[in-house]
Structures are given as structure tokens and as C-alpha cells.
Amino acid sequence: SLAGFGNLMQDVLWCFSQVKGTIDVGVTEADIISTVEFNHTGELLATGDKGGRVVIFQREQESKNQPHRRGEYNVYSTFQSHEPEFDYLKSLEIEEKINKIRWLPQQNAAYFLLSTNDKTVKLWKVSERDKRPEGYNLKDEDGRLRDPSMITMLRVPVLRPMDLMVEATPRRVFANAHTYHINSISVNSDYETYMSADDLRINLWNFEITNQSFNIVDIKPANMEELTEVITAAEFHPHHCNTFVYSSSKGTIRLCDMRTSALCDRHAKFFEEPEDPSNRSFFSEIISSISDVKFSHSGRYIMTRDYLTVKVWDLNMENRPIETYQVHDYLRSKLCSLYENDCIFDKFECVWNGSDSVIMTGSYNNFFRMFDRNTKRDVTLEASRENSKPRAILKPRKVCVGGKRRKDEISVDSLDFSKKILHTAWHPSENIIAVAATNNLYIFQDKVN
């Protein structure tokens, strides 16, 4: 159901209030949430999990009788998007896990969304049905064919009211175009094309054509032993259909213009921050790998997330970011143990709020961080079932690195690295956020809403 988050306070960036609790979508490995995405109006929220399921939540309409229920999200539709497969040529098992979900802008009464696992992208239509046809001539009410000799009169089928039913039907299946695992899909602003990116290639698709795509980026070397970097994320510009960016495991971002050439093997702009030699270590290359890249809603800025920081880049300045935010710098001393337990390879996502003034990203111990770009203030909040009492205000959390620990602080040594918030989403126009903590979905809402 629902939890909430609040407005600016004197000493704290936000206070968060829990309205109803959490949406618990299971306890097994298959129930771990792998992606979260609001649609363009924010009325729907979709989650995908490792079991290949998509769960869509719909926002309740405001009621005069129950004003406190405004903003509450309830289950709207659940369907199995992907099934486990096996590639017999390569003897590889293809997981059903949903890697990404992207909504298309609503054009009619139905909703459309793209979902992808490692190899196959599917276009789904989600529609409502509250009437059913009755009175067929050749079939009875159960759908069985009638005996033609028994048909003595012509009937006119009529529509009868029925209980509301939400149907999810696959409209397109875009398969067999990726050798490596798909990590990103992005809908173009022309709403006719979209792109899918894997480790070494980016393909451009037309929504109407499923049997072929156009390869727009290919960084695969002739000799795979010369491979030095892979593509980690890609996204189209929100307004210019010819422009897109992709990030790499080397911590670089390339902006490409499809008007320049058909194959964007030469970038238009190259964003990279020079490395500080004093911070050089064995882990430098690993922690500099970019796990997520997002255009701002205005299209002027790019936000990137690496292991320890979130950076904001101006499209007009390639040599360094204009803003750098430390997400969990206290983990620098823990990189060795994080490497040993593979946590250092976790891929955290980052999101903008609707006005591009605040950014949010996840951390460990079910913490998530928010940074106000105007005031430069930040806050750490925790998504946990313990503090999810109805309408409770979420208190800021602080991590103690060394020395004497205060009562309300948590020691860096007692952080739980198995509890991590990798996937978050922000409502496109309101202060409503969705946070996926393993197999629980928390929705926080501004207290004044």
C-alpha cells in the first residue's frame, strides 16, 4: 500500500511520513524487485522482479470522505512478462529476471510498456474491460461452436456489463538481436523508436518492426583480448530524438548524434573527470564504473552514479562534472571486504525529482540518500518495516565512522550489506517516491499531499 514523505524542515532536508505501510511482494529469490518505474503521469507504478513478473500499482483517486487516502497505490495488474529459457546453441540458461521497464506515453485508454530480460524486449498492452459480448450466432456463451443445423435464426450480438477486468497482452516481441545481456532500454522522444543496449552494442528498434533492428553503437574489438571497457547504461535525450548518451565501465560518458553518421562509432562529446593520483588504488577502476546515467527532465544535464558518488554533468562542459555528491564515502575504508563479498559490483540507480532540483540514490542497510542541488543539503533515510508505522515521520539516519558513537547514530561496522536499495523511482510531478528494498516496495509521500 503506501508510505509517505514530507516537506522542508528547518534542520532536515525532508521529513517523511508513513501513511499505510509497505507493499510486500514476496519472500523468495524470485520475488526480489529488479526495477521500478512510474509512468508519465505518475498514476501508475510498475515493478519487475527476478521471477519475470510485472506488478502494476494504480494511484487511488482523491476522496472527500477519505482525504488521507490520496496518493495510495493499490495493485492494478499482475502478469508474467518473461519465462526462463535455454539457449541450446550456447548451452546458456536465460534468466526470466526483468532488467528494465519503460512506459510509453498514453495515447488512448490503454497503457503500453516495454519490459526486458537479458535477451528479449517485449511490448505489453494493459487495458480495461467492463463489458462482454453475448449472443453470437456460431458460438454459444462458453465459446464452443454451435451445430449449424441448430441455428434457425440470426442474432445480433450485444454488450453486457461485467466486473472490471484488467488485461495485459503482449503486442510485440523483440528478440534475437543481442549476444550479450541487455542492461538498458530507452524510449525515444519521437515515440516511434527505442533503443536497447548490452555490454558491447546498442540497437535501435522501430516499434512496428520486430524482426530487425539497426546497430547504432558497436564497441566490440576484433580481438576480444583487447577489450578494455563495456557499456553499462544508455538513454535517449528527453527532447532531441537524434541524441543519446551511454556510459562505460571506465567511468566515461559519450554523447552521440545520429545525424552525424549511421553508426555512432564516433561520439559528439566525451565526458570524463581526470583521476586524482592521490586517490589511486587497486579498486579505482572498479568503483569508477558508472552504473546508471540519466538525462535531467530539462535535457541540459546528465546525472551519473558510480559506486561511491553521484555526479551531475553540464552538456556544455566535458572535462569535469559541475556537482559531485558523496553517497557513502565512509565505505572507502571497507572496499577490500566489499570486494571479497562482491558488493563492490552492485549497480545502484539514481533519479531526478520532477523539477531537477533534488536527486536520489540508494545505499546499504536499506538507506537511501537525497541531495538538494539548490541548498546543498542532504539527508539519509531508511526504508525498513520497523519504522513503517502509519503516518510516522522518517527520521534522518547518520553513520558514525569512528570515535564515540551517539545514541541516534549507526556504526559503519554494523551496516548490513545484504540490505541494499538499488532501484528507486520519483513521481514525474509530485513528491512521491518508490524505493525497492529487496522484496519490499516502499512508497513515500510528501506529508502535505
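General remarks:
- Among the candidates TYR339, TYR364, residue that is open to solvent by 30 Å² or more (accessible area, probe 1.4 Å) and over 18 Å from VAL293 (Cβ atoms): TYR339
- Each residue in the range 398-446 was checked for being crowded, with 18+ Cβ neighbours inside 10 Å and among the charged types (D, E, K, R), and 2 of them qualify.
- Matching entry among ASP356, ASP378, ASP416 (being acidic (Asp, Glu), in contact with a strand residue (DSSP E or B) (Cβ under 6 Å, 6 or more places away or on another chain) and at pLDDT 90 or above): ASP378
- Verdict on VAL54 being surrounded by 14 or more Cβ atoms within 10 Å (Cβ to Cβ) and in a strand (DSSP E or B): yes
- Selected residue (only one of VAL245, VAL230 is closer than 22 Å to LEU92 by Cβ and either in contact (Cβ under 8 Å) with a residue 60 or more places away in the chain or of a type outside the set (Gly, Ala, Ser) (or both)): VAL230
- Enumeration of residues in the range 329-375 that are farther than 21 Å from SER411 by Cβ, among the hydrophobic types (A, V, I, L, M, F, W, C) and outside any helix (DSSP H, G or I): PHE348, CYS350, VAL351, TRP352, VAL358, ILE359, MET360, MET370, PHE371
- Checked against (1) surrounded by 21 or more Cβ atoms within 10 Å (Cβ to Cβ); (2) under 21 Å from the mean Cα position of the chain (by Cα), LEU331 meets all criteria but (2).
- Which numbered condition THR228 misses (of (1) open to solvent by less than 90 Å² (accessible area, probe 1.4 Å); (2) under 30 Å from SER296 (Cα atoms); (3) of a type in the set (S, T, N, Q)): (1)
- Search result, residues across the range 205-214 that are open to solvent by less than 50 Å² (accessible area, probe 1.4 Å) and touching a residue at least 40 places away in the same chain (Cβ under 8 Å): TRP205, PHE207
- Pair list, Cβ under 6 Å, 6 or more apart: the range 310-328 residue of a type in the set (Lys, Arg), other residue outside any loop (DSSP other than H, G, I, E, B): LYS311/THR304; LYS311/THR324
- Among (1) in contact with a Lys or Arg (Cβ under 9 Å, 6 or more places away or on another chain); (2) touching a residue at least 12 places away in the same chain (Cβ under 8 Å); (3) assigned to a loop (DSSP other than H, G, I, E, B), the one test that ARG385 misses: (1)
- Test: residue in the range 229-246 that is in a loop (DSSP other than H, G, I, E, B) and either among the β-branched types (Val, Ile, Thr) or within 20 Å of PHE345 (Cβ to Cβ) (or both): yes
- For LEU159, the test of being part of a strand (DSSP E or B), farther than 30 Å from LEU138 by Cβ and of a type outside the set (S, T, N, Q) is failed.
- Among the candidates SER261, SER298, SER278, residue that is assigned to a helix (DSSP H, G or I) and either over 24 Å from SER184 (Cβ atoms) or open to solvent by 40 Å² or more (accessible area, probe 1.4 Å) (or both): SER278
- Going through (1) at pLDDT below 95; (2) basic (Lys, Arg); (3) under 20 Å from the mean Cα position of the chain (by Cα) one by one, ARG369 falls short only on (1).
- From LYS139, LYS122, residue being of a type in the set (Lys, Arg) and closer than 23 Å to LYS50 by Cβ: LYS122
- Pair list, Cβ under 9 Å, 6 or more apart: the range 29-50 residue in contact (Cβ under 8 Å) with a residue 40 or more places away in the chain and farther than 18 Å from ASN74 by Cα, other residue hydroxyl-bearing (Ser, Thr, Tyr) and outside any loop (DSSP other than H, G, I, E, B): SER34/THR47; LYS50/SER34
- Considering each residue of the range 95-112 in turn, at least one proves to be free of Cβ contacts under 8 Å to residues at least 40 places away in the same chain, surrounded by 12 or more Cβ atoms within 10 Å (Cβ to Cβ) and not polar (S, T, N, Q).
- Test: THR35 is touching a Lys or Arg at 6+ places or on another chain (Cβ under 7 Å), open to solvent by less than 40 Å² (accessible area, probe 1.4 Å) and modelled with pLDDT of 60 or more: yes
The values are calculated or read from the model by the stated rules, or taken from the named source; none is laboratory data. If you're wondering where the values come from, they're calculated on a predicted model, not measured in any experiment. No Cβ is skipped: glycine too gets one built from the backbone with ideal geometry, and neighbour counts run over all protein chains shown. When the accessible area is computed, the model is the full protein with side chains, heavy atoms only, and any ligands, DNA or RNA have been set aside. Shrake-Rupley method; radii C 1.70, N 1.55, O 1.52, S 1.80 Å.
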